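The structure appears right after this line, and notes come after that.
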Amino acid sequence: MTPHWPMPAGLHTASAQLPVEGELPSLAGATGWLNSPPLTPTGLHGKVVLVNFWTYTCINWLRQLPYVRAWAGKYSGQGLVVIGVHTPEFDFEHDHDNVRRAAADMRIDYPVAIDDDYAVWLAFDNHYWPALYFADAQGRIRHHHFGEGEYQQSEMVLQDPTPATTWSRPTQAASKPRPTGPASGHRKTTPATSAPRTSRLRAAWYRASLTRTASRRS
């Protein structure tokens with residue numbers, strides 16, 4: 001990576017180098033894009049890439065969003081591209097107008113891939129909302145994190161995700177049992193516990209708010 005971003009105080013830890021976990025998968029399965037034309041791994045070469053899987057009613061993702069949004073604003077001028085991948089859980093989350101409205105309400109101005117068919121989800125072999133995947137400037141996945149938390153360590157990866165980066169790599173996410181397929185693996189999760197009930201309450205609230213908004217506009 002060409003730019004080197006100074007490491008903020010308090011994030012220095014020691015340990016093994018970040019491994020190469022694979023190549024940045026294709027985003028070609030997206031059924032639409034917000035805030036950007038379609039992006040490809042080839043076109044992103046030379047950029048540090050952060051891919052964030054989300055769905056707009058997930059309470060765990062909602063608590064993570066301020067950090068992702070802040071990283072996009074802080075580092076976009078220094079070579080970082082944040083890509084949100086909106087993979088829906090509920091039927092109403094397939095509505096692009098709902099997704100577009102939610103992205104605007106939540107001040108998301110970085111690129112968003114609409115993943116209605118779970119093609120990008122499957123390309124990453126992902127199983128969780130929210131999930132973060134970090135790719136270096138050579139298009140190699142160097143780190144991932146499922147759920148909330150570990151924001152300082154995540155920012156450290158963004159600052160210099162190169163083979164020379166050293167720090168204490170979290171093991172909690174890697175030790176989670178992973179289901180075998182998307183039908184059994186759609187999970188909203190925190191680092192320690194899942195919260196589907198809380199997320200469903202959030203979903204019901206947001207669906208009701210959209211209905212009220214539509215009623216006022218009609």
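The values are calculated or read from the model by the stated rules, or taken from the named source; none is laboratory data. These figures come from a predicted structure and were not determined experimentally. So basically every Cβ, Gly included, is an ideal-geometry build from the backbone, and we count neighbours across all protein chains shown. Just so you know, the surface numbers come from the protein's heavy atoms only, side chains and all, with ligands and any DNA or RNA stripped out. Shrake-Rupley method; radii C 1.70, N 1.55, O 1.52, S 1.80 Å.
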Handout entry: Those residues of region 35-60 which are within 20 Å of Ala102 (Cα to Cα) and touching a Ser or Thr at 6+ places or on another chain (Cβ under 7 Å), in sequence order
Key = Phe53, Thr55, Thr57, Cys58, Ile59, Asn60
Practice task
Select from region 81-91 the residues that are at pLDDT below 95 and open to solvent by less than 70 Å² (accessible area, probe 1.4 Å) and write down the one among them that is nearest to Asn52 (Cα to Cα).
Solution key: Glu89
Practice task
Would you mind telling me which numbered condition in (1) small (Gly, Ala, Ser); (2) open to solvent by 60 Å² or more (accessible area, probe 1.4 Å); (3) at pLDDT 95 or above Ala14 fails?
Solution key: (3)
Practice task
Go through the residues of region 49-72 one by one and say whether even a single one is open to solvent by 10 Å² or more (accessible area, probe 1.4 Å), over 21 Å from Tyr151 (Cα atoms) and not charged (D, E, K, R).
Solution key: no
Practice task
Return only the number of the condition from (1) farther than 21 Å from Val157 by Cα; (2) modelled with pLDDT of 95 or more that Gln64 does not satisfy.
Solution key: (1)
Practice task
Inspect region 37-48 for any residue being out of contact with any helix residue (DSSP H, G or I) (no Cβ under 7 Å at 6 or more places or on another chain), surrounded by 16 or more Cβ atoms within 10 Å (Cβ to Cβ), over 23 Å from Glu148 (Cβ atoms) and charged (D, E, K, R) and give the result as yes or no.
Solution key: yes
Fill in the blank from the handout: Scanning region 84-124 for residues that are touching a residue at least 24 places away in the same chain (Cβ under 8 Å), among the charged types (D, E, K, R) and part of a loop (DSSP other than H, G, I, E, B) gives Glu89, Arg107, Asp109, Asp115, Asp116, Asp117
Practice task
Inspect region 101-119 for any residue being within 24 Å of His143 (Cβ to Cβ), among the small types (Gly, Ala, Ser), modelled with pLDDT under 95 and surrounded by fewer than 21 Cβ atoms within 10 Å (Cβ to Cβ) and give the result as yes or no.
Solution key: no
Fill in the blank from the handout: Checked region 67-79 for anything modelled with pLDDT under 95 and touching a Lys or Arg at 6+ places or on another chain (Cβ under 9 Å); matches are Gly79
Handout entry: So Glu155, is it under 20 Å from Asn60 (Cα atoms), open to solvent by 20 Å² or more (accessible area, probe 1.4 Å) and within 12 Å of the chain's Cα centre (by Cα)
Key = no
